């Protein structure tokens, strides 16, 4: 990276139960450009991501996982793309090597279906790891979503975006907290937030149920 760049680090401690908070405190004392936010409990990825974006102050902002599944060395290429005129440089996995087959199947199925029923394009294999200009970050923060689905929000705000592919990596340490049930709930949030189809299905189901109830009530009335 260029020597004239000034880096500021903000770590989000999402209710960890190990020595993370202790290490962050030590680092923040030792380095003036290291900051942290510690949640009172685990609130989930989306809450942590939002807190990090709200705390950021730089002209350029990057989001990264600390398990090193997001290759830090890609930042130099991402920065080059920003200098070429792109507003946001995202990353996507070129493959799902090392991931359970069933999980890969459901992930691919999700992206296929969401792109069929939503006007917002979701890039298969896209990561939250991306480099954004301040304008993009401000636009994302202006969105008042409660149940946030950041992959959709990153796409929905628009701007000039390019994606860089890289080989899938195993995490350096720790285990994922994303169970199948959590992923399913997260996917449902994506469907609800970025497609009118679930609402239309619920409306039609409610209407059909109401008509059926009226029909049954009339049958019982005349039968009596």
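In table form, for the structure just shown:
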{"read-out": "All positions within segment 54-71 that are within 24 Å of residue 166 (Cα to Cα) and under 18 Å from the mean Cα position of the chain (by Cα)", "value": "61, 62, 63, 64, 65, 66, 67, 68, 69, 70, 71"}
{"read-out": "Which listed residue is surrounded by 14 or more Cβ atoms within 10 Å (Cβ to Cβ) and modelled with pLDDT of 80 or more, from 122, 132", "value": "132"}
{"read-out": "Test: residue 59 is farther than 23 Å from residue 149 by Cα and touching a helix residue (DSSP H, G or I) at 6+ places or on another chain (Cβ under 8 Å)", "value": "yes"}
{"read-out": "Every pair of residues 6+ apart whose Cβ atoms lie under 7 Å, when the first sits in segment 1-30 and is more than 25 Å from residue 73 (Cβ to Cβ) while the second is surrounded by fewer than 10 Cβ atoms within 10 Å (Cβ to Cβ)", "value": "15/41"}
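The values are calculated or read from the model by the stated rules, or taken from the named source; none is laboratory data. Because the structure is a prediction, the values reported are computed rather than measured. Methodologically, a virtual Cβ is constructed for each residue, glycine included, from the backbone with ideal geometry; neighbour enumeration extends over all protein chains shown.
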